[in-house]
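Okay, so here's the structure we're looking at.
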Amino acid sequence: MKIHYFAGEEWEEKLAREKLADHDIVFHNGPLSDFPDLADPEAEALCVFIEAKIGEAEMARFPALKLIATRSTGFDHIDLAAAKPRGIAIANVPYYGENTVAEFTFALLLALSRRIIDADERVRAGAFSTTGLRGFDLAGKTLGVIGTGHIGAHVIRMAQGFSTKVLGYDAFPNAELAQKLGFSYVSLPELLAASDIVTIHVPYNEHTHHLLNRENIGTLKKGSFLINTARGAVIETAALIEALKSESLAGAALDVLEEEGDMADEAALLTAPHPRAEELAIALANHYLIEHPRVIVTPHVAFNTTEAVERILNTSIDNIRQFAAGSPANLVPQS
């Protein structure tokens, strides 16, 4: 197969060339969106990450395309409706390290609970003082976990070590898991009202778009904290800002933002011939969150450990190899 590989690091190229030695690989330093004029009538596979959206226009530039292998669990950056009639299969990485994102979730939670970033900034500014830096214990608090799949379940396991009570919400509750890990499933409104900390671990799709929104975010327990390492658009940005302003939320830690792609290319957004008003409003709202003293924002790095990236790359390579061999694995359903 002829494969175009986007946004790879040097060590990735070496590994991919070794494991895909029988294939023709073209490497590109940057996402597909950095190469708007790139077209290849012979390319049969694209290996991509989440930075750029792949829709009908992008697929049309590769008329022989048979496979898009995304180095991610999420696939909302790929237009499945455009891929299906073209016969293009989508392969993802369903599991690359539930511990990886769960560990980062607790890193964010501890940074919030113990005011770690505030403390560090104060010392760097030359003030060695504890005034105003009092945190809170996790022991005895209630942690609400939205989404109890592989990552959410690992968060629950870790929470046990902190002696927190856990409530879970999932569209498909797993009674066996709840019994095994000692937590209770409740409705989403019950979880929001009872949790001291809420953490989100759901995939992004039409059912989870703005799962937290203007209608329900006000039911959060007053003084609670919110963590999102899933996808930005699971939370309605305007609703999140309202909750912070009203102090329903005491703080938040966000590894993802709604329309975060626009944050990397704000100049294009602001100077577009036909301004995208809704996206522009969200981008401006994101700046409010970034500057907010009770919000921690990181640039979508929960996945980013050496071990996890190696697992992601190895799985993606295997997805390509197995597809080429006629035994595809980890294909995304296209209804």
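The values are calculated or read from the model by the stated rules, or taken from the named source; none is laboratory data. In this text, all values refer to a predicted model and were calculated from it rather than measured experimentally. Neighbour counts run over all protein chains shown; Cβ positions are idealised from the backbone, glycine included.
Would you confirm whether any residue within segment 32-43 is hydrophobic (A, V, I, L, M, F, W, C) and under 18 Å from Ala89 (Cβ atoms)?
Filtering segment 32-43 down to residues hydrophobic (A, V, I, L, M, F, W, C) leaves 32, 35, 38-39, 43.
Now restrict to residues that are under 18 Å from Ala89 (Cβ atoms): 32, 43.
Yes, there is a match, as at least one residue in segment 32-43 is hydrophobic (A, V, I, L, M, F, W, C) and under 18 Å from Ala89 (Cβ atoms).
Just the residues that are in a loop (DSSP other than H, G, I, E, B), under 20 Å from the mean Cα position of the chain (by Cα) and surrounded by fewer than 18 Cβ atoms within 10 Å (Cβ to Cβ), please, taken from segment 143-181. Walk me through it before giving the result.
So the first thing to find is which residues in segment 143-181 are in a loop (DSSP other than H, G, I, E, B), and the list is 147-149, 162-164, 170-174.
From what's left, under 20 Å from the mean Cα position of the chain (by Cα): 147-149, 170-171.
The one that is in a loop (DSSP other than H, G, I, E, B), under 20 Å from the mean Cα position of the chain (by Cα) and surrounded by fewer than 18 Cβ atoms within 10 Å (Cβ to Cβ): Ala171.
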Quiz item: How about segment 205-219: which of its residues are buried (at least 19 other Cβ atoms within 10 Å of the Cβ) and under 18 Å from Asp255 (Cα atoms)?
Solution: Thr208, Leu211, Leu212
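Considering every residue within segment 299-313, establish whether at least one is at pLDDT 75 or above, within 22 Å of Ala7 (Cβ to Cβ) and touching a Lys or Arg at 6+ places or on another chain (Cβ under 6 Å). Even if it seems obvious, please write down each step before you answer.
Step one: list which residues in segment 299-313 are at pLDDT 75 or above, which gives 299-313.
Next cut, within 22 Å of Ala7 (Cβ to Cβ) only: 299-313.
Still in the running and touching a Lys or Arg at 6+ places or on another chain (Cβ under 6 Å): 312.
There is at least one residue in segment 299-313 that is at pLDDT 75 or above, within 22 Å of Ala7 (Cβ to Cβ) and touching a Lys or Arg at 6+ places or on another chain (Cβ under 6 Å).
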Practice problem: Evaluate the following for Ile117: is it under 22 Å from Asn319 (Cα atoms) and modelled with pLDDT of 95 or more? | Solution: no
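For Tyr185, are the conditions met, namely being crowded, with 16+ Cβ neighbours inside 10 Å, in contact with a helix residue (DSSP H, G or I) (Cβ under 7 Å, 6 or more places away or on another chain), over 28 Å from Gly135 (Cβ atoms) and modelled with pLDDT under 95? Before you say what the answer is, go through the steps one by one.
Values: crowded, with 16+ Cβ neighbours inside 10 Å: yes; in contact with a helix residue (DSSP H, G or I) (Cβ under 7 Å, 6 or more places away or on another chain): yes; over 28 Å from Gly135 (Cβ atoms): yes; modelled with pLDDT under 95: no.
No, not satisfied.
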Quiz prompt | Which numbered condition Ile235 misses (of (1) outside the structural domain of His207 (by TED's automatic domain parsing); (2) modelled with pLDDT of 95 or more) | solution = (1)
Quiz item: Which of the following residues is surrounded by fewer than 13 Cβ atoms within 10 Å (Cβ to Cβ), at pLDDT 95 or above and within 26 Å of the chain's Cα centre (by Cα): Ala83, Ala57?
Solution: Ala57
Quiz prompt | Residue match in segment 148-167 (condition: modelled with pLDDT of 95 or more, assigned by TED's automatic domain parsing to the domain that holds Arg231 and closer than 22 Å to Leu244 by Cβ) | solution = no
Quiz item: Hey, does segment 128-142 have a residue that's of a type outside the set (Phe, Trp, Tyr), touching a helix residue (DSSP H, G or I) at 6+ places or on another chain (Cβ under 9 Å), in contact (Cβ under 8 Å) with a residue 12 or more places away in the chain and not in a loop (DSSP other than H, G, I, E, B)?
Solution: yes
Practice problem: Among the residues of segment 98-127, count how many are within 25 Å of Asn228 (Cα to Cα), surrounded by fewer than 21 Cβ atoms within 10 Å (Cβ to Cβ) and small (Gly, Ala, Ser). | Solution: 4
Exercise. Six or more apart or on different chains, Cβ under 6 Å: which pairs go from a residue in segment 6-28 that's more than 15 Å from Thr306 (Cα to Cα) to one that's charged (D, E, K, R) and not in a helix (DSSP H, G or I)? Could you list them?
Key: Asp24/Lys2
